[in-house]
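What follows is a single structure, written as structure tokens, with notes after it.
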Amino acid sequence: MRTAFRFCVLVALVLSLAGCASKFRRYDGPKVTHVTVHKGARTMNLHHGDKVLRSYEVDLGFAPEGDKKEEGDGRTPEGSYYVNRRNPNSKFHLSLGINYPNEEDLAEAKAMGVNPGSDIFIHGRGPWSPWRAIRRRPDWTWGCIAVTNSEMEQVYAMVHDGTPVRIHQ
């Protein structure tokens, strides 16, 4: 009798948590018309026109000062981009790719004789990050923009392909 009761409680617990396990959220609010990242303030804002819908603290590349110039420099790029891809299976929980390098970045890198790099994302922290649950932490990405996994679920639901992303110093 006790074993059957424990089994029923365990099944009920698993079923109640199953609804919480999905990383894919729904968003039915105003459309995100653009995203702004302010590197100096370590913030990312999701906008609908002039109104800020959500604001997040972010982590940047491990060498965050200045504009990204070449692959491996640890800088987060600065300029005008747009979301050009989505990765629901990212090792950093979820991710939104931006179209770095753009034409300006490519021309600058060519003039310098360097590889500008690629694969810049807005992403979560993934399962391994020792600081993924706390608010202030050091910049650690290879040039990407990172938020908590829970915050990334919101961003992923709200921001669609083609959304402009402006990254400022």
Problem - FRET efficiency for Asn87 and Gln169, using Cβ-Cβ distance with R0 set to 30 Å, rounded to 0.05 - result: 0.65
Handout entry: Per-residue ³J(HN,Hα) for the range 145-156, Karplus 6.51 cos²θ - 1.76 cosθ + 1.60, θ = phi - 60°, Hz, x for Gly and Pro
Key = 10, 10, 10, 5, 4, 4, 5, 5, 4, 5, 4, 4
Completion exercise
Between Ser150 and Glu103, Cβ-based FRET efficiency (R0 35 Å, step 0.05) works out to 0.50
Handout entry: Note, ³J(HN,Hα) from phi for the range 82-99, Karplus 6.51, -1.76, 1.60, rounded to Hz, x at Gly and Pro
Key = 8, 6, 10, 6, 10, 10, x, 10, 4, 5, 10, 6, 9, 8, 10, x, 10, 7
Handout entry: Kirkwood hydrodynamic radius of the range 36-102, Cα pairs, Å
Key = 13.4 Å
Fill in the blank from the handout: Debye calc, one equal point scatterer per Cα of the range 69-169, no solvent, log10 I(q)/I(0) at q = 0.23 1/Å comes to -1.25
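Extension gain Ala63-Ser22, at 0.36 nm per residue separation less the Cα-Cα distance, in nm? Write out the running numbers ahead of the final one.
On the way: separation 41, 0.36 × 41 = 14.76 nm, distance 3.34 nm.
Extra length from Ala63 to Ser22 when fully extended: 11.4 nm.
Computed from the coordinates by the stated procedures, all read-outs in this text should not be read as laboratory data. All of these numbers come straight from a predicted model, not from anything done at the bench. So basically every Cβ, Gly included, is an ideal-geometry build from the backbone, and we count neighbours across all protein chains shown.
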